[in-house]
Amino acid sequence: MPASPSPRKTSPKPTSAPRRRSPAKPVSVITGGAGFLGSHLVDVLLARGHRVVVIDNLITGSTDNIQHLAGNPDFRFIKQDVTEYLYLDGPVDFVWHFASPASPIDYLELPIQTLKVGSLGTHKALGLALTKGARFLITSTSEVYGDPLVHPQTESYWGNVNPIGPRGCYDESKRFAEALTMAYHREHGVDTRIVRIFNTYGPRMRLEDGRVVPAFVSQALRNKPITVFGDGTQTRSFCFASDLIEGIYRLMMCKDASASNPCNIGNPHELTMLQFAEEIIRATGSKSRIVHKPLPQDDPKQRRPDITRARQILQWEPQIPLSEGLVPTIAYFRSRIGA
Ligand code: UDP
């Protein structure tokens, strides 16, 4: 007599078969996920199969940057200041701490919030990572190098920062955030990453955030004078947002033994601000002329990332030249201005 088949083997018609549970999706928490860079990371992580929780108090971020995700079952938005205790149910695999004012105008207007999010906010985000056993990444900045005396800037350079100048609130908050991150790594064994972000541009930058890209592009689109600060010989190196996010993603996922050490991510193509103004006039076909305004205090004279480390441990380097990245950036600002 044939052995009676187990219920599992008997019947299942394809239609009635129990659904096999898909492996759990990784859960990412992104502080500042409604901001310029945070919201681009949200899109990339959702596309790569993560569930994403954004925590943002919207003081410089905007729901405009995430509204296209409304109704997505893998996306959740919590409006909260990350300097307050962070409580979340369920597992968390990655904490990406992006929250901070990031433009000189913003952090001049919000110096205390800037210091608080880098200190208290980083503490809360690290605490969340520790509690959940999650990997943690802090978005630090090239500003930790201050007005650099080493050029290009390597991660081993300790910087030249004026702690009490107008930019000190940002520079020191990020330097503190790096120190706290390393303390949690060493003391609690949290798996941590520190990315030092250089100047970045792309769609979703705030039109009025005062940074040079929105300033020059909006002036050019309105055929208004382009305001170059100082004599315009100071340099910056601009990375397109998608290149930057790819570099940050790879750093978070990197298993290299040295991955917890800081890593520069940026584009080494360096321009003076005068050259940049001319590039924006060309790319927009503007009739604007260049005018000079006083150079803000402590404005770094030169900035260019040395990305040897990112090349080595992440096999990463930027792919998008300025002329290409400006196309969607200008289109975005054009749509915001209605020009
Ligand atoms: N800048 C300028 N005109 C502007 C805004 C900025 O010439 O309307 C200069 C600024 O002095 C700095 C550079 O552009 O040398 C980049 O400034 P941004 O505020 O974008 O960021 P930073 O790199 O200084 O943090």
Counted residues, the range 170-191 - those being farther than 12 Å from residue 143 by Cβ and in contact (Cβ under 8 Å) with a residue 24 or more places away in the chain: 9
Flag for residue 156 being surrounded by fewer than 15 Cβ atoms within 10 Å (Cβ to Cβ) and of a type in the set (S, T, N, Q): yes
Residue within the range 98-119 that is in a loop (DSSP other than H, G, I, E, B), touching a helix residue (DSSP H, G or I) at 6+ places or on another chain (Cβ under 7 Å) and surrounded by fewer than 21 Cβ atoms within 10 Å (Cβ to Cβ) present: no
Given (1) in a loop (DSSP other than H, G, I, E, B); (2) at pLDDT below 95, number of the condition residue 59 does not satisfy: (2)
All positions within the range 70-97 that are among the charged types (D, E, K, R) and either within 16 Å of the ligand (Cβ to nearest atom) or assigned to a loop (DSSP other than H, G, I, E, B) (or both): 74, 81, 84, 89, 93
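Just name the residue that is farthest from the ligand (Cβ to nearest atom) out of those in the range 265-294 that are assigned to a loop (DSSP other than H, G, I, E, B) and surrounded by fewer than 16 Cβ atoms within 10 Å (Cβ to Cβ). Even if it seems obvious, please write down each step before you answer.
Narrowing the range 265-294 to residues assigned to a loop (DSSP other than H, G, I, E, B): 266-269, 285-289, 294.
When the remaining residues are screened for being surrounded by fewer than 16 Cβ atoms within 10 Å (Cβ to Cβ), the result is 269, 285, 287, 289, 294.
On the way: 269: 15, 285: 20, 287: 18, 289: 14, 294: 9 Å.
Within the range 265-294, the match that is farthest from the ligand (Cβ to nearest atom) is 285.
Within the range 219-233, can you find the residues that are open to solvent by less than 10 Å² (accessible area, probe 1.4 Å) and either near the ligand (Cβ under 10 Å from one of its atoms) or within 25 Å of residue 252 (Cβ to Cβ) (or both)?
Looking only at the range 219-233, we keep the residues that are open to solvent by less than 10 Å² (accessible area, probe 1.4 Å), and these are 220, 226, 228, 232.
Result: 226, 228, 232.
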Verdict on residue 204 being crowded, with 19+ Cβ neighbours inside 10 Å and near the ligand (Cβ under 10 Å from one of its atoms): no
Filter result (in a helix (DSSP H, G or I), open to solvent by 10 Å² or more (accessible area, probe 1.4 Å) and not small (Gly, Ala, Ser)) within the range 42-56: 43, 44, 46
Residue 317 being away from the ligand (no atom under 12 Å from the Cβ), open to solvent by 50 Å² or more (accessible area, probe 1.4 Å), free of Cβ contacts under 8 Å to residues at least 40 places away in the same chain and not in a helix (DSSP H, G or I): yes
Test: residue in the range 303-312 that is open to solvent by 40 Å² or more (accessible area, probe 1.4 Å), more than 16 Å from residue 202 (Cβ to Cβ) and without any contact (Cβ under 8 Å) to a residue 12 or more places away in the chain: yes
Every pair of residues 6+ apart whose Cβ atoms lie under 9 Å, when the first sits in the range 207-227 and is on the phi > 0 side of the Ramachandran plot while the second is near the ligand (Cβ under 8 Å from one of its atoms): 210/103; 210/104; 210/105
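For the condition among the basic types (Lys, Arg), at pLDDT 95 or above, under 23 Å from residue 139 (Cβ atoms) and over 16 Å from the mean Cα position of the chain (by Cα), what is the one hit in 304, 250?
None of the others qualify; the one that does is 304.
The values are calculated or read from the model by the stated rules, or taken from the named source; none is laboratory data. Note that the structure is predicted; figures quoted are calculated from it, not measured. Don't worry about glycine lacking a Cβ; one is built from the backbone with ideal geometry, like all the others, and counts go over all protein chains shown. Side chains are part of the model used for accessible areas, which takes the heavy atoms of the whole protein and leaves out ligands, DNA and RNA. Shrake-Rupley method; radii C 1.70, N 1.55, O 1.52, S 1.80 Å.
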